[in-house]
1. If I filter the range 176-208 down to residues being touching a helix residue (DSSP H, G or I) at 6+ places or on another chain (Cβ under 6 Å) and modelled with pLDDT under 95, which single residue comes out as nearest to residue 133 (Cα to Cα)?
2. Inspect all residues belonging to the range 86-102 and state whether any of them is in a loop (DSSP other than H, G, I, E, B) and touching a helix residue (DSSP H, G or I) at 6+ places or on another chain (Cβ under 6 Å).
3. Among the numbered criteria (1) open to solvent by 60 Å² or more (accessible area, probe 1.4 Å); (2) farther than 25 Å from residue 212 by Cα, which single criterion is violated by residue 9?
4. For the range 148-214, which fully contained strands (runs of 3 or more DSSP E) count at least 2 residues that are more than 21 Å from residue 14 (Cα to Cα)?
5. Scan the range 44-53 and give yes if some residue there is buried (at least 17 other Cβ atoms within 10 Å of the Cβ) and either free of Cβ contacts under 8 Å to residues at least 40 places away in the same chain or of a type in the set (Ser, Thr, Tyr) (or both), otherwise no.
6. Step by step: first the residues of the range 55-76, then only those that are closer than 17 Å to residue 217 by Cβ and open to solvent by 50 Å² or more (accessible area, probe 1.4 Å), then the one that is modelled with the lowest pLDDT. Which residue is that?
7. State the number of residues belonging to the range 12-32 that are within 25 Å of residue 55 (Cβ to Cβ) and open to solvent by 70 Å² or more (accessible area, probe 1.4 Å).
8. Considering 141, 122, which residue is hydrophobic (A, V, I, L, M, F, W, C), outside any loop (DSSP other than H, G, I, E, B) and open to solvent by 70 Å² or more (accessible area, probe 1.4 Å)?
Amino acid sequence: MTSVVEEKKKLRKQMKTLRAGISEEDLTKHRLLLTDRFLKICSEGAFVAPFWEGVQKPTALFSYLDVAGEVPTRGMIDIALMKGIPVFLPKTYPDGIMVFVQVNDLSDLTESRYHIPEPEILPGASRIVCRPEFTKIVERLTGSELEVSDINDTAYQNAWMLVPGLAFSEEGYRLGYGGGYYDRYVKDAACTTVAMAYDFQIFPEIPREAHDAKCDNMLILKTL
């Protein structure tokens, strides 16, 4: 019998191959569509369309920076920065440790060990939001006391967290890249977690384990 771990590995490989087939032209179209709709939400309030119906302007945006054909977020990030919405991008450490660092300019990023642009943590200057159990770990890694807020605080209940993934179930369960970074946040963050997916990434069910978490909402881009 195939184990859940083996099923996940196989599905990850399939999804990476499919995602690699998205053309630059289509990626640009998706980015412009998301940017336009997010701008309308931030400028006019709720926007009526699938996913966007009744959705309100976020008070903060926790986002990944898209790479390797992921659903594009850069346009949404640019709009948030332009509209004065606080933007936080992830910074990762070994053993599944991830924190979100506020950014004001996407040019001030450095490449991580995964070849993903990440913000730098500047002691005394960087604003960080994370799970409370990560605070002391990151302070030890950076060698400094940091300004840290709890992601579970009700202050972030009207924020959005854009969640990447390789596959999703129709319920919102997510197959990530295997590091467990986002599962720790999706599980019980106070903010609204939004699965960012292409239609070919959606399945009635996906292989999952007890620690796998479900996103609150799903934003699905049509490619077929």
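The values are calculated or read from the model by the stated rules, or taken from the named source; none is laboratory data. Because the structure is predicted, anything quoted here is derived from the model rather than measured. All Cβ positions, glycine included, derive from the backbone under ideal geometry; neighbour counts span all protein chains shown. Ligands, DNA and RNA are excluded from the accessible area calculation, which covers all protein heavy atoms including side chains. Shrake-Rupley method; radii C 1.70, N 1.55, O 1.52, S 1.80 Å.
1. 190
2. Just the residues of the range 86-102 that are in a loop (DSSP other than H, G, I, E, B), to begin with: 86, 94-96.
Those left that are additionally touching a helix residue (DSSP H, G or I) at 6+ places or on another chain (Cβ under 6 Å): none.
No, the range 86-102 contains no residue that is in a loop (DSSP other than H, G, I, E, B) and touching a helix residue (DSSP H, G or I) at 6+ places or on another chain (Cβ under 6 Å).
3. With respect to (1) open to solvent by 60 Å² or more (accessible area, probe 1.4 Å); (2) farther than 25 Å from residue 212 by Cα, residue 9 is out only on (2).
4. Details: elements: 160-163, 167-169, 192-198.
So the answer is 160-163, 192-198.
5. Taking the range 44-53 as the starting set, the residues that turn out to be buried (at least 17 other Cβ atoms within 10 Å of the Cβ) are 47.
Adding the requirement that they be either free of Cβ contacts under 8 Å to residues at least 40 places away in the same chain or of a type in the set (Ser, Thr, Tyr) (or both) leaves 47.
Yes.
6. Restricting attention to the range 55-76, the residues satisfying the condition of being closer than 17 Å to residue 217 by Cβ are 55-64, 71, 73, 76.
Still in the running and open to solvent by 50 Å² or more (accessible area, probe 1.4 Å): 56-57, 59.
Working: 56: 86, 57: 89, 59: 94.
This residue is 56.
7. Residues flagged as within 25 Å of residue 55 (Cβ to Cβ) and open to solvent by 70 Å² or more (accessible area, probe 1.4 Å) within the range 12-32 amount to 3.
8. Working: 122 fails: outside any loop (DSSP other than H, G, I, E, B).
Exactly one of 141, 122 is hydrophobic (A, V, I, L, M, F, W, C), outside any loop (DSSP other than H, G, I, E, B) and open to solvent by 70 Å² or more (accessible area, probe 1.4 Å), namely 141.
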